[in-house]
1. Over the range 1-109, with the other protein chains present, what is the accessible area per residue in square angstrom, probe 1.4 angstrom?
2. Charges only on Cβ, +1 for Lys and Arg, -1 for Asp and Glu: so what's the dipole of the chain about the Cα centre, in debye to the nearest 20?
3. Say R0 is 41 Å: what FRET efficiency, to the nearest 0.05, do Asp386 and Met337 get from their beta-carbon distance?
4. So with the 1.4 Å probe, I'd like the accessible area per residue for the range 143-257, rounded to whole Å².
5. What accessible area, in Å² to the nearest ten, does a 1.4 Å probe give for Cys111?
6. In whole angstrom, how far apart do the alpha carbon centroids of the range 202-239 and the range 394-462 sit?
7. For the chain, compute Rh as the Kirkwood radius over C-alpha pairs and then the Stokes-Einstein diffusion coefficient at 25 °C and 0.890 mPa s; write the answer in µm²/s, rounded to an integer.
8. Please arrange Glu220, Glu8, Glu181, Glu420 by accessible surface area, largest first, computed with a 1.4 Å probe and ligands excluded.
Amino acid sequence: MFNQTVTEQFRTKLRGELIQPNGEKYESARKVYNGMIDRHPRMVIRCADGADVISAVNFGRENGLVIAVRGGGHNAGGLGVWDDALVIDLSPIRYTHVDPEAQTVRVGGGCTLGDVDHATHAFGLAVPTGVMSTTGVGGLTLGGGLGHLTRKCWLTIDNLLAADVVLADGSVVTANPRRNEDLFWAIRGGGGNFGIVTSFLFKAHRVHTDYAGPMLWELERAPEVMGWYRDFIVDAPDDLNGFFAFLVVPPGPPFPEHLHNRKMCGVVWCFAGPHDSAEETFRPIRNSLKPTLDLVGPIPHPALQSMFDALYPPGMQWYWKADFVNELSDDAIGVHMRYAPQIPTMLSTVHLYPVNGAASRVGKEETAWSYRDATWAQVIAGIDPDPAKKDCLVEWASNYWEALHSYSAGGAYVNFMMDEGEDRVKATYRDNYERLAAIKSKYDPDNLFRINQNVKPKAVNLAQERAS
Ligand SMILES: Cc1cc2nc3c(=O)[nH]c(=O)nc-3n(C[C@H](O)[C@H](O)[C@H](O)COP(=O)(O)OP(=O)(O)OC[C@H]3O[C@@H](n4cnc5c(N)ncnc54)[C@H](O)[C@@H]3O)c2cc1C
C-alpha cells in the first residue's frame with residue numbers, strides 16, 4: 001500500500017532528491033515557467049540519472065500514481081506538473097558530449113537549449129532548436145522543434161539520430177532508424193506519450209556566426225510588409241530564416257528611445273549561409289522595404305539563441321493560441337490588422353514561424369509531424385508579469401485566434417498549444433494519429449504517460465467506447 005513508509009523506502013533508492021509538500025524546496029519544485037500554472041503535485045523526484053528515472057517510473061506505476069514528466073518546464077499548458085501527481089523532474093540530467101568528427105552531440109534528457117548551444121558552439125557546430133535558450137530540449141524535441149535554422153537544417157526531430165527511452169514498464173530501449181523503428185518514428189513529433197527520453201543523440205551542423213537580428217516597421221505598414229513577406233518566404237533561399245512578429249518595442253537598449261513602447265511589426269532574420277553573401281541577400285529586402293529599425297548583423301549563434309531570454313524570465317503569465325497556416329490571404333492580414341493593434345501588454349506578441357524550406361521536404365509520413373505542407377506555425381501569446389492581467393491576456397489571444405482560425409490549416413504545433421483536448425490533438429496529427437495510437441498501445445497500453453498532448457492507446461479507446 002502507498003504510504004509514507006513506502007515513500008521513505010523509495011527515497012533510499014534514489015541518487016536525486018524526493019521533494020514532498022512539507023519540504024522547503026517544494027514551492028520552487030512545483031513551479032514551471034508559465035506563472036499561470038499553480039499545481040500541487042504529491043511529490044517531485046529530481047532525478048540524478050537514468051536509474052532514478054527507472055525507479056520513479058516503477059514507483060509511480062506500482063502505486064497507481066499519475067505521472068507527470070518535466071524537462072525544461074516551458075510547456076505553455078504546464079504539462080510538466082500536475083495536481084496530486086508524481087513529477088519526474090529531469091532537470092538535473094544536463095550532460096552534453098560533442099563528437100566533433102562525427103558532428104554529433106549527446107544530450108541529457110534535462111538539458112536546456114542553452115546547454116546544447118554552449119557545448120556545440122565551441123566546436124563551430126549547432127543543433128537546430130528553438131529561439132529561447134531556457135527552453136527544455138526534451139519537450140521541444142519530442143514535439144518537433146522549430147527555430148532560426150528550420151529552413152536550412154530542418155526541424156529538431158529531423159536531426160535526432162537516436163534516443164534512450166524509459167518505457168512504462170520500467171525497461172529501457174534505444175530508438176533509432178534500426179532499433180525500435182516504430183518508437184523512433186513516434187517520438188519525432190508525438191511528444192512524451194511513449195516514454196521518458198533520458199538521452200538524445202543529435203546531428204549538428206556547421207553553424208558558428210549568423211547574420212541575424214530583427215528588422216522593424218511601423219504598425220501601419222504591416223499589410224504591406226506582411227504581404228511582401230508571405231510571397232518572399234515561400235521562395236527565399238534555405239539559408240535564410242525569418243519569422244514575422246507583431247510586438248511592442250521593449251523600453252531599453254538596443255532599441256532607440258523614440259521607439260520604446262511602440263506597437264510595431266517585424267521580422268527576426270537569421271541568415272546562416274556564407275558570410276560573404278549575407279549583405280547581398282539582405283540588400284533587396286532593405287531596398288524594397290526600408291525598415292524603420294534594422295538590427296541585422298553578424299552575431300554568434302548562441303547569442304542569437306538567447307537574445308530574448310532576459311525579456312522573458314520565468315514566472316510570467318502566458319496564454320497561447322496557435323495554428324498552422326498554409327497561406328496568408330489579404331483577408332487574414334485584415335484580421336491581423338484588427339487585433340494586433342490591440343496587443344494588451346508590452347510583452348505580448350504574435351509570431352509566424354516558417355516551417356517550409358528544408359523542413360517541408362521531409363515526407364508527412366516520415367515522422368509523426370504531419371504538417372509538412374504548412375508554411376507557418378503561428379502563435380498568439382498574451383504575456384505579462386502581473387497575475388491581475390490574466391483575464392485580458394486570455395481574452396485578447398482567444399478573440400484574435402477565433403477570428404483567424406478559419407484561415408488556418410486546421411491543427412496547431414503541439415508545443416504551442418495549451419491543454420486543449422483530444423480533438424485539437426487529432427487535428428494536429430491528422431492521418432498520423434491512428435499510427436501513433438497503435439504505437440502507444442504497444443509501448444504504453446495503460447496510458448501511464450498521459451500528462452502531455454495525449455494520444456490515447458487504441459485499447460483505451462475501445463474500452464471507452466464500450467463504456468459509453
Ligand atoms: C518562452 C518560450 C519560447 C519557446 N520557443 C520555442 C521555439 O522557438 N521553438 C519551439 O519549437 N518551441 C518553442 N517553445 C515551445 C516549447 O517547445 C514547449 O513549451 C516545450 O513543451 C518545452 O519543453 P520543456 O521540456 O521545456 O517543457 P516541459 O514543460 O518540461 O515538458 C513539456 C512536455 O514534454 C514532456 N517531456 C519533456 N521532456 C521530456 C523527456 N525528456 N521525455 C519525455 N517527455 C518529456 C513533458 O512530459 C510535457 O508533456 C517555447 C516555449 C516557451 C515558453
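1. Averaged over the residues of the range 1-109, the accessible area is 46 Å².
2. 740 debye
3. 0.90
4. 31 Å²
5. So the heavy atoms of Cys111 present about 0 Å² to solvent.
6. 29 Å
7. It diffuses with D of about 108 µm²/s by this estimate.
8. Result, largest first: Glu220, Glu181, Glu8, Glu420.
The values are calculated or read from the model by the stated rules, or taken from the named source; none is laboratory data. Note that the coordinates shown come from a computational prediction; the quantities given were computed from them, not determined experimentally. Quick reminder, even Gly has a Cβ in these numbers, built from the backbone with ideal geometry, and neighbours come from all protein chains shown. Protein only, heavy atoms only, side chains kept; ligands, DNA and RNA dropped before computing areas. Shrake-Rupley method; radii C 1.70, N 1.55, O 1.52, S 1.80 Å.
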